[in-house]
1. Would you mind giving the average projected area, over all directions, of the Cα convex hull of the stretch A:79-155 in nm² with one decimal?
2. At a 10 angstrom cut-off on C-beta neighbours, averaged per residue, how do the peptides A:370-383, A:106-119, A:130-143 rank from highest to lowest?
3. Please determine, in degrees from 0 to 90 and to the nearest 10, the orientation of helix B:188-214 with respect to the longest principal axis defined by the Cα atoms of chain B, where the helix direction is its Cα long axis.
4. Can you give the extra length, in nm with one decimal, that the chain gains between residue A:181 and residue A:33 once fully stretched, where that is 0.36 nm per residue apart less the Cα-Cα distance?
5. Where Lys and Arg each count +1 and Asp and Glu each count -1, what net charge lies around residue B:171 among other residues with Cβ under 13 Å from its Cβ?
6. How far is helix B:252-265 tilted off the main Cα axis of chain B, in degrees rounded to 10, range 0 to 90?
7. One-quarter of the Cα convex hull surface for chain B, in nm²?
8. Residue-wise, which Karplus ³J(HN,Hα) couplings in Hz belong to the stretch A:109-117, taking 6.51 cos²θ - 1.76 cosθ + 1.60, θ = phi - 60°, and x for glycine or proline?
Amino acid sequence: MAFTGAHLIPVDGPEIDDGVLVVHRGKIVAVGAVGDVDVPSGADVVDASGGVIMPGLVDTHSHVGGISGADRSGPIQPGVRVLDSLNVMDSGFKRAVAGGITTVNIMPGSGHLSSGQTVYAKLRVGEVATTIDALLIRDADGAMMGGLKMANGTNSMRDAPFPGTRARSAFLLREQFVKAREYREKIERAGDDAAKIPARDLHLDTLVEVLEGKRVVHFHTHRHDDIMTVLRLKEEFGFRVVLHHVSEGWKVADEIAAAGVPVSAILIDSPGGKLEAKHLLYETGKVLDDAGVLLAYHTDDWITDSRYFLRSPALGMRAGLSRETALRSVTLNGAEILDLGDRVGSLAVGKDADFVIMDGDPFSVYTKIRETWVEGEKVFDRSEEGDLLYAVGGYGAGHDQRPYLCCYGHSQTGAQQ
Amino acid sequence: MKRAMMMLLGVCVVAGMVGAEVDLAVRGGVVHTMAGGAIKDGVVLIEDGKISAVGPASSIRIPDGVRTLEAAVVTPGLIDGHATVGLTGIYNIPHDQDQIERSEPMQPELRAIDAFNVHEELVAFVRSFGVTTVHTGHGPGELISGQTLITKTHGNTVAEAVMVESVAVAATLSPIAQKGAKKSPGTRAKMMAMLRGELQRAKEYVEKGERVEEDDDEDDDEKKAKARDLGMETLGRVIKGELPLLVTANRAQDIASVLRLKEEFGIRVWLDMAAESYLLIDEIKAAGVTVFVHPTMYRAYGDTENMSYETAATLADAGIPIVLQSGYEGYVPKVRVVLYEAAWAAANGLGFQRAMGAITIDAARVLGIDDRVGSLEVGKDADIALYDGDPFEYTTHCVGVLIEGEVVSEVVR
């Protein structure tokens, strides 16, 4: 297929005013200005004149799919997988593609120091996907990809056995990492001696993956001192980590940059709502970018709705973020954070044909997403009534399942956390 | 339309010339007066906190030496049609959450003036986006949660800021006002039964009061004073049509209940949130009810799971008066910015003019404050917002805000 006449935003190169995008077997095979790119004979030519095409959006932190994670029995449960809670029929997936999202890191909540494993998903929801397996992203070895959710600050503090203070939160995590180290050493020492191999522990297995750099930690953290605690833990145990939300990231931007840690930031209309978000600023994105931090935005869906994901980088621009980083922050930077930089995040030859067709500039409030494509398949079409229902809402667009987050439901009904 | 605008401008120019001391001027590339159309390269003159002239720069001279604020786009100060800001605070801890009192399900006697914190940071926050007037007060969450007020977003005390002390009585017909543990109300039907019972009591209270008024026996005066009931007095004002009942309802069946209540007691009602109102267009229109549409970007869940971004447009298309609002938020964002909610409505079928109207002149009319605010017209309060582009665009900034002629915000937001 060849898409012609549109303004192309490849993200990893300059924007192209009158471009051609050629897709074959789910991959991008050519991208460039009209005249520079040969449209193969026999290709279906789609006239996208007046449209704007950019890569499918990468959301590095979402709770779509009716998520749950660890239960209240303990604060650290890395063996629990969000995967096992997901409902592929959940309308949240439909809304996500209506918002142009094609790749998503689905996370369990923040009410635990570790509420479990996250899963990276491709929103292949065009045809009827009957199980969540259809949405998984697999690595070269065929293993499903995902990270591990961790959190500090107030969301994960509660009655015992949960921590009641910040210091205990850090201690409990350190204790588990120490255990995981010892567990790994025991396994290494045992070698082939089956009698000496410790009983398999799914929680510790996951932490070992983290220690070995095979699984990235996605760390919910808001306050500047909590952010520094995460960097200290990283330093001590040497794991790969992404800082999530970082309401006060602007206070420690240089420290984050020096640690070489990427950020997946949230942008909320107003500061507050919880003590840790009191000093949230629209400027956080710009400050981090200026400091040299790899910046992505996320929806944290339901905290912000997937359908207006592009609003976050746009409001970041309102506070000084460059257009270039704004574009990267919801595409290529997110892809790199999820170790998918070679597969998605830009309109580049060889990458998955994940893209969005819009009727205007991505950062205008008036722009509508017309179509979303995943691996060469159309998964959202605003001109289809069924898809439009999810894009704008209406009777029947409601949730199939309510997600279990941390603190939203309680606050909403007036109870204080 | 154009002729009407020119006539209006003529009047403005004359008024401007009779003015004695211009304190401040505002000049905009486009001035959306919200009264007869936009003016290119327009000027607003301000005297004693009031607008003394509005018109094109070609016909209004800014006196020498008068400070002039300039911006690409100028609008009236925005009106947030319904909020809880100022009763809800930024920290979201019991210390700063006064929008709901949980001790009883029905407390119409609670006044917003006794709880509104004009120094609340979030009041200043929304002001910095151009919001100069807020209808705020007791929130959704109890069957009858209390009263609302209208205030400017600037002042040292509530007395200085407030425009209307008591605007409406807030009620909730939604499961969020139901209680567990064998407490009432626990069901939809019980909510209505309790509301009807209370309104019936109020009706009798009013009737009794009227009988006492008619009876000029002075010996009854003491008895009359003893019988005073602050809650019944407030609901009595609803019964008499002095105050509307502002009812939060989202599901179609709850909206229908609100209309039934209006019919039964002959009271004025304002529908709040109304996520499924698009299912009852004819009924709402026939009842002549104004809809305070949920924040356009509200979360679709529970009662609002079927909400639509296009509801404001659908209602407006049908000729139903609408107001846009920031509403109530229990978590983050602790306050919404009504400018953003209007922008999303504008982009989802409402269009610029109607969306801007819903947060300026149309909101002012519904709230009964259009003699003072809502448009840039001679004699009105000099409440003005300045922007460096289309106010609804994500990347536009609010660059200045005036309330009653005073520059209250100059941050670039």
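The values are calculated or read from the model by the stated rules, or taken from the named source; none is laboratory data. Nothing here was measured: the structure is a model prediction, and the numbers come from that model. Ideal geometry is used to build each Cβ from the backbone, glycine not excepted, and the neighbour counts take in all protein chains shown. Just the protein is used for accessible areas: all its heavy atoms, side chains included, with ligands, DNA and RNA removed. Shrake-Rupley method; radii C 1.70, N 1.55, O 1.52, S 1.80 Å.
1. Details: hull surface 23.5 nm².
Result: a mean projected hull area of 5.9 nm².
2. Working: A:370-383: 20.5, A:106-119: 27.9, A:130-143: 12.6.
The densest-packed peptide leads the list: A:106-119, A:370-383, A:130-143.
3. 90 degrees
4. Numbers: separation 148, 0.36 × 148 = 53.28 nm, distance 5.31 nm.
My answer for the length gained is 48.0 nm.
5. Working: positive: B:196, B:262, B:268; negative: B:142, B:198, B:254, B:272.
Counting the neighbours of residue B:171, the net charge comes to -1.
6. Value to nearest ten degrees: 80.
7. Numbers: hull surface 88.8 nm².
Averaging across all directions leaves 22.2 nm² for the Cα convex hull.
8. Per-residue couplings from phi come out as x, 10, x, 9, 4, 9, 9, x, 7 Hz.
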